[in-house]
Amino acid sequence: MPPSRELSQLGVLPGQVVADVGAGVGYFDEELLVRIGPRGHAYVIDPDGSNLAIARQRLGSDARVEFLATSAAQLGSIADASVDRVLMSLVICCLGDKEGAMDEAWRILRPGGRLLVTYPRRGRPVARRRSTLRVVPARWESIRKRRPWREIPIRSGWLVARHLLERPASSAPAD
């Protein structure tokens, strides 16, 4: 899917603070910067420093961008309830601590903030040693139900599952 369609599904708007968690080399981030405009802020997050170096080359020195070399489950340098949108595109399937990543997304999102999670649909067999990386429907439901997310219906593809979640405006403060 082109970056503009994913970011449209997420509803990225001018002036917003957006976290691209598991950004890799920054595939979505040039378009993200266009969408957030001059007053927005972007966190480009990946645990692999070499990926972030490539993302830095692609984006240049832009004061709106903060690069964080950290795990999706350890976003401690981002304040509670300070982010409008979180993108986790094709990353949750690669995480050992899926629950921790979803908990951190919840923590950093403002009430009313949205999270777009995408992952490959189950298709070909996964090696037994990598079975924890798989996201099957039951596992997704278990992860999603840890917090009172509101699911916003969006269309999944035949190769990629897509879930748009919103932290309810009336939810309790981050814990």
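The values are calculated or read from the model by the stated rules, or taken from the named source; none is laboratory data. Just so it is clear, the structure is predicted and the values come from calculations on it, not from any experiment. Note that we place each Cβ from the backbone using ideal geometry, even for glycine, and neighbour counts take in every protein chain shown. Areas reflect the complete protein model, heavy atoms only, side chains present, ligands, DNA and RNA absent. Shrake-Rupley method; radii C 1.70, N 1.55, O 1.52, S 1.80 Å.
For the reader, a short list of remarks on this structure follows.
- Of the criteria (1) more than 12 Å from V17 (Cα to Cα); (2) modelled with pLDDT of 95 or more; (3) not acidic (D, E), which one I92 fails: (2)
- The single condition among (1) surrounded by fewer than 21 Cβ atoms within 10 Å (Cβ to Cβ); (2) within 22 Å of R155 (Cα to Cα); (3) in contact (Cβ under 8 Å) with a residue 12 or more places away in the chain that R5 does not meet is (3).
- Where A69 falls short, out of the listed (1) out of contact with any Phe, Trp or Tyr (no Cβ under 9 Å at 6 or more places or on another chain); (2) surrounded by 14 or more Cβ atoms within 10 Å (Cβ to Cβ); (3) over 17 Å from A101 (Cα atoms): (3)
- Test: G40 is over 20 Å from M102 (Cβ atoms), surrounded by 18 or more Cβ atoms within 10 Å (Cβ to Cβ) and not hydrophobic (A, V, I, L, M, F, W, C): yes
- Meets criteria (in contact with a strand residue (DSSP E or B) (Cβ under 7 Å, 6 or more places away or on another chain), surrounded by fewer than 19 Cβ atoms within 10 Å (Cβ to Cβ) and either outside any loop (DSSP other than H, G, I, E, B) or at pLDDT below 95 (or both)) for Q57: no
- Out of R122, R129, R134, sole residue that is of a type in the set (D, E, K, R) and either at pLDDT 80 or above or surrounded by fewer than 12 Cβ atoms within 10 Å (Cβ to Cβ) (or both): R129
- Index of the failed condition, D62 passing every other in (1) in a loop (DSSP other than H, G, I, E, B); (2) touching a Cys at 6+ places or on another chain (Cβ under 6 Å): (2)
- A single entry from V44, V25 fulfils the requirement of being assigned to a strand (DSSP E or B) and at pLDDT 95 or above: V44.
- Residue count for the stretch 84-101, restricted to those that are farther than 21 Å from S8 by Cα, in contact with a strand residue (DSSP E or B) (Cβ under 8 Å, 6 or more places away or on another chain), open to solvent by less than 10 Å² (accessible area, probe 1.4 Å) and not small (G, A, S): 0
- Search result, residues across the stretch 8-22 that are under 15 Å from L164 (Cα atoms), among the small types (G, A, S) and assigned to a loop (DSSP other than H, G, I, E, B): G11
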